[in-house]
Amino acid sequence: MLLGLVVLVVVAVLSVLVGAGDLGWQRVLKEIVAQVTGGRSPLSGREAAIIWQLRVPRVVLAGLVGAALASSGATFQGVFRNPLADPYLLGAAAGAGMAATMVVVLLPATTGWVIGPLPLAAFAGALGGVGLSWALGRSSGGTGTATLLLAGVAVASFLTAVQTFVQQLNTDTIKQVYTWMLGGLNISGWREVWIALPYVAAAAVVLCLCARLLDVLTLGDAEATSLGLRPGRIRLLLLAAASLATAAAVAVSGLIGFVGIVVPHVVRMLFGASYRVVIPLSLIGGASFLIVADLVARTALPGELPLGVVTAFAGAPFFVLVLRSVKGRAL
Amino acid sequence: MKPLALRLRDVHAGYSGDPVVQGVDVDVPEGGWLAIVGPNGAGKSTLLKAVAGVLPGGGEILIHGQSSLSRKEKARQLGYAPQDPVLPEGLTVTDYVLLGRTPHLGTLAREGARDLSIVDDVLSRLDLEALAGRTLRTLSGGERQRAVLARVLAQRTTLLLLDEPTTGLDIGHAQALLELIDRLRREDGTTVVSTLHDLTFAAQYAEQLLLLDGGRVAASGTPSEVLTSARVEQHYAADVEVLTSTRGHLAVVPVRPGS
């Protein structure tokens, strides 16, 4: 755990050192040390602004989004007892995608909003999608996870259909929508950090505190009940917390796939399947992974790569590597 | 007469309003072993689930004389192992058994030193110490059944509800597990209520039998009272002989029809 935090800090600092603007990593390191120890800054005001107003918030935001997606993914896998569950399973992605498309189509040029309409719509759409799935699952009379899962599939395909339809009617906006959906942190600043932080932090606290209960849930509802718990309530709490974090992540970064599935599984394979380990290490691992992925996205080529492409491109081989090295021992 | 660990009066239970079991009356004294027997579909597991509180049921269910226990209070008095428990394959045996401490912890609390020592104690009594760090996936059938029993025993309850604890075990492993349950019962004064499909095992380990058929009590009493060949033939549609072994144990033996 401690080692994980050290890795996270090292990764974060390293990725602040590198980037466009060619400041020289030694000078950036000196600047960071100067800021921490209260020494004299070696950089000009403009250069310092690049560090503290562009790179640092972007790294922080990448960490927040990665932590949110990985811990939510782990939670979804536990609640649904399904290794392929990801945080978008209950319609968070489809809801956010549809809402974002609507905004792009209906509000073509918007200025003067405190928070851009796109993140706001994505946040509301993600929560709306999950809420709709939950309501639908409840009204079908099912209390178990199977009904909820099916409701999620239905809601997701419906919302995706609506989105595709709207998009086809407005082909001129396809590129803008598509760019957003591929995910990225290229417009991030401290404002986005403050948007996402409260939700991600609150969810992280709830998920860490409930990790033991999530272990009990994996025994199934009958045994959880016989151990004195109310599985339905715990599920609601866990899914609400995870979905809130996911919605916040989607709002500031678009749809970034793969993190929610790969990171928790790598953690399981390396450190065991108890959620008391998986949840905190997914927070740390997800943050580290996305910081590195974003570093690649902004430095590998002269232009920016979509972050969602990088996570899959780098994540898939890494996943295979870990899978082979442990021979599927912990799956 | 010993005080009652469990008293059922006119208990009924079933899925969504359709009663599978009805009109069950039975008393189990503290330290006793009641085996619920009956043909497939008789409602054995349903009755056990209703007593465990994992399936809605009606009628009077008194646990140590108390009827209105909260879910958590109940979980401190009564441990339940389903017929096919879900084992989270990646968990270690220790982590799995620790989950049995849940009813004794605050909702968000962690286990303390006392919980860990209880789990150590249970693991050593069930001869699982050597497997403590292994994941559940790597266990054999017999080891898995012992791990499930350890999880229930870690709950430290005075009443154990075990649904077919010998499922999938060969005759030797089944016997070893039942001997173990019987030893724990005698050492701790625990009361055991189990469903058992093997009538010979039920006759030799349980002190009382409850024979269910079609969701109703067909017979109730000591094994020799309940298990007559006529009754088994009537309720199981099987040709059997009920024998007494040379060492005085009851055995229900199937015989070829017409032979």
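When the residues of the range A:293-331 are filtered to those that are modelled with pLDDT of 80 or more, outside any loop (DSSP other than H, G, I, E, B) and surrounded by fewer than 20 Cβ atoms within 10 Å (Cβ to Cβ), the one that is nearest to the other protein chains (Cβ to nearest Cβ) is A:Val320. If I ask for residues that are closer than 30 Å to B:Val51 by Cβ and of a type in the set (Gly, Ala, Ser), which ones from the range A:226-253 would you list? If the condition is that a residue be closer than 30 Å to B:Val51 by Cβ and of a type in the set (Gly, Ala, Ser), then A:Ser226, A:Gly228, A:Gly232 are the ones that fit.
With B:Glu179, B:Glu241 as the choices, which residue is surrounded by fewer than 16 Cβ atoms within 10 Å (Cβ to Cβ), part of a strand (DSSP E or B) and among the acidic types (Asp, Glu)? From the options B:Glu179, B:Glu241, the qualifying one is B:Glu241. The set of residues from the range A:230-268 being within 14 Å of chain B (Cβ to nearest Cβ) and touching a Ser or Thr at 6+ places or on another chain (Cβ under 7 Å) comprises A:Pro231, A:Gly232, A:Leu238, A:Pro264, A:Val267.
Which one is surrounded by the most Cβ atoms within 10 Å (Cβ to Cβ) among residues in the range B:68-104 that are more than 8 Å from chain A (Cβ to nearest Cβ) and closer than 13 Å to A:Arg212 by Cα? Checking each candidate, the answer is B:Val97.
Can you tell me which residue is farthest from the chain's Cα centre (by Cα) among those in the range B:51-67 that are at the interface with chain A (Cβ under 10 Å from one of its Cβ atoms) and farther than 20 Å from B:Asp27 by Cα? So, considering only residues that are at the interface with chain A (Cβ under 10 Å from one of its Cβ atoms) and farther than 20 Å from B:Asp27 by Cα, the one farthest from the chain's Cα centre (by Cα) is B:Leu55. On the basis of being in contact (Cβ under 8 Å) with a residue 40 or more places away in the chain and either polar (S, T, N, Q) or under 23 Å from A:Tyr199 (Cα atoms) (or both), does A:Gly66 make the cut? Yes; evaluated as a whole, the condition is true for this residue. Taking (1) buried (at least 16 other Cβ atoms within 10 Å of the Cβ); (2) closer than 23 Å to B:Thr46 by Cβ; (3) more than 14 Å from chain A (Cβ to nearest Cβ); (4) not aromatic (Phe, Trp, Tyr) in turn, B:Glu143 satisfies each apart from (2).
Yes/no per residue for (1) over 26 Å from A:Ala273 (Cβ atoms); (2) in contact with a Gly (Cβ under 6 Å, 6 or more places away or on another chain); (3) among the polar types (S, T, N, Q):
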residue	(1), (2), (3)
B:Leu108	no, no, no
B:Asp127	no, no, no
B:Gly142	no, no, no
B:Val148	no, no, no
B:Ala154	no, yes, no
B:Leu159	yes, no, no
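Put simply, of B:Gly214, B:Gly172 the only residue that is assigned by TED's automatic domain parsing to the domain that holds B:Ala5, on the phi > 0 side of the Ramachandran plot, surrounded by fewer than 23 Cβ atoms within 10 Å (Cβ to Cβ) and among the small types (Gly, Ala, Ser) is B:Gly214.
The values are calculated or read from the model by the stated rules, or taken from the named source; none is laboratory data. Note that the coordinates shown come from a computational prediction; the quantities given were computed from them, not determined experimentally. Methodologically, a virtual Cβ is constructed for each residue, glycine included, from the backbone with ideal geometry; neighbour enumeration extends over all protein chains shown.
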